[in-house]
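All of the numbers you see were taken from the coordinates with simple rules; none came from a lab. Because the structure is a prediction, the values reported are computed rather than measured. Virtual Cβ from ideal backbone geometry, glycine too; neighbours counted across all protein chains shown.
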Ligand SMILES: NC(=O)c1ccc[n+]([C@@H]2O[C@H](COP(=O)([O-])OP(=O)(O)OC[C@H]3O[C@@H](n4cnc5c(N)ncnc54)[C@H](OP(=O)(O)O)[C@@H]3O)[C@@H](O)[C@H]2O)c1
C-alpha cells in the first residue's frame, strides 16, 4: 500500500480499533492452537481456609483462569472450589483454564507429580502444566518439598537436569490420551531456554516469569516472542506489601485514565501481549482486578521507564538458598544439560 495512504488511514482509524479494550477473558493464542485467558487468579500464599472462598468468588465473578501449583500446598482446597462451581453449574470444566506446576523434588517423577496435582484438584486434565523451576531437588531428601543438606544448603539433585525433565514432560503431550493440554516452563532465563530448546521436540507453550515495571525482563520477553513462547507475568502487583502501587509513574498513568494502580499494573502486561496472574483472597480486590484497560504508547513509555531510574527489583526469590546469580548461574547446578 502507498505509505502516505496508509498514514492517512491510520490517522483516521478510531482509537478503539487500534487499541481494543482488553478484558479479563481476552483469549491469547498459544503455540498449541489453544488460547489462555488474559487474567488468571493467583493462589500462591492463599492460605488454607481462605483459598476456596477466593476461587469460588473469582469464578462467580467471571474469572476463567486459575494458577495453581503443588508446592503451594493448597491445591486440595482449590479442587474443592472447582468442584463446587462446576457442580452448581456456574461454569463448565471446559470453560476453565487450569494451570499447575511440577515441583523441583518431582523432576524425576513427572507422571507422579502430575497425578498428585490432578487428584488434589479433582480434575482429569490440566490446561497447562509447567516446570516450576529449572532446578531438580533431591526426591529422597530430608523434606518432601524443600530438602536441605547437613550444611543448610539446598539439596540439589545433580543426577539429572532440566532438559531431561523437559523430555519427561514432553511425553505427557505425546500420548494418545494426554492429561495435559499444554506444557511449559517457569522462571526461565534466555540462557536456560536456549539449553532447553536445543534438546526440545516440543517448544514450551508458556514461560511464566516474574514481570512488572521494576522487572520488565525485556530480553526474556523478546526471546520468547521470537520463539513463539507465550509469557505469563507473575507477581504483577509486586507480591505482598508492594511499593509498586505508590510508584509515581504508575500513579500518573492511573490518574490520566481514572483507574486504580492495580488496573495499570495488570493492563501493562496486556499491552505486551502477555497474560497476567493477580493473587488476592479479598473479594473486593478480586473484583477490582478484573478491570483492564488499553494502554497507549505514551503510557507504556512511562511504565517502561520506571526501572531505568529505580533499578531492578525482584520480589520472588528462588527456593535454592542464597543464589545471587539465579537464574543464569544457580550455585552448583549443572548448566551443561
Ligand atoms: N511460577 C512461579 O514461580 C510463581 C512465583 C510467584 C507467583 N506465581 C503466581 O503468580 C501469582 C501472583 O503473584 P503473587 O502472588 O506473588 O503476587 P501479586 O499478585 O503481585 O500480589 C498479591 C498481593 O497483592 C495484594 N492485592 C491483590 N490485589 C490487590 C489490589 N487490587 N489492591 C491492593 N492489593 C492487592 C494481595 O493481597 P490479598 O490477597 O490479601 O488481597 C497480595 O498481598 C501467584 O499467586 C502465583 O499463582 C508464580
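Taken along the Cα-to-beta-carbon direction at a fixed 7 Å, the label points for residue 251 and residue 176 span 6.3 nm.
Convex hull volume of the C-alpha atoms in the stretch 1-69, normalised per residue: 136 Å³.
To the nearest µm²/s, what D does Stokes-Einstein give for the chain at 10 °C and 1.306 mPa s, using the Kirkwood radius over alpha carbon pairs as Rh? Answer from the Stokes-Einstein relation: 76 µm²/s.
By other beta-carbon atoms within 10 Å, ranking 288, 194 with the fewest at the front produces 194, 288. Remark: the stretch 191-330 projects, on average over all directions, an area of 9.5 nm² (convex hull of Cα atoms).
Axis angle, to the nearest 10 degrees, between helix 218-227 and the longest C-alpha principal axis of the chain: 80 degrees. Note on the stretch 169-247: Rg/Rh from C-alpha atoms, Kirkwood Rh, equals 1.07. For the chain, a Gaussian network of Cα nodes joined below 10 Å ranks 189, 283, 298 by mean-square fluctuation, and the top entry is 298. Tell me the angle of helix 297-310 to the major Cα principal axis of the chain, expressed in degrees between 0 and 90 and rounded to the nearest ten. On a 0 to 90 degree scale, this one is about 50. Taking the fewest neighbouring Cβ atoms within 10 Å as the starting point, the ordered list for 299, 95 is 95, 299.
Taking the chain as a Gaussian network of alpha-carbon nodes connected by springs under 10 Å, the highest mean-square fluctuation of the residues 269, 257, 57 belongs to 257. Taken over the alpha carbons of the stretch 32-176 as equal point scatterers, the Debye sum produces base-10 log I(q)/I(0) values at 0.18, 0.19, 0.21, 0.22 Å⁻¹ of -1.04, -1.12, -1.27, -1.34. Counting only alpha carbon atoms, the long axis of helix 75-87 and the longest principal axis of the chain meet at about 60°. A Gaussian network model of the chain, with springs between Cα atoms under 10 Å, assigns the largest mean-square fluctuation among 297, 127, 222 to 297. Which distance in Å, rounded to a whole number, links the C-alpha centroids of the stretch 78-98 and the stretch 151-204? Cα centres, the stretch 78-98 to the stretch 151-204: 28 Å. For the stretch 15-310, give me the percentage of DSSP beta bridges that are antiparallel, rounded to the nearest 5 percent. About 20 percent, rounded to the nearest 5.
From its DSSP helices (H runs of at least four residues, each -39,500 (n - 2.57)), the chain gives a residue-normalised ellipticity at 222 nm of -10500 deg cm²/dmol. Here the residues 227, 52, ranked from fewest to most Cβ neighbours within 10 Å of their Cβ, fall in the order 227, 52.
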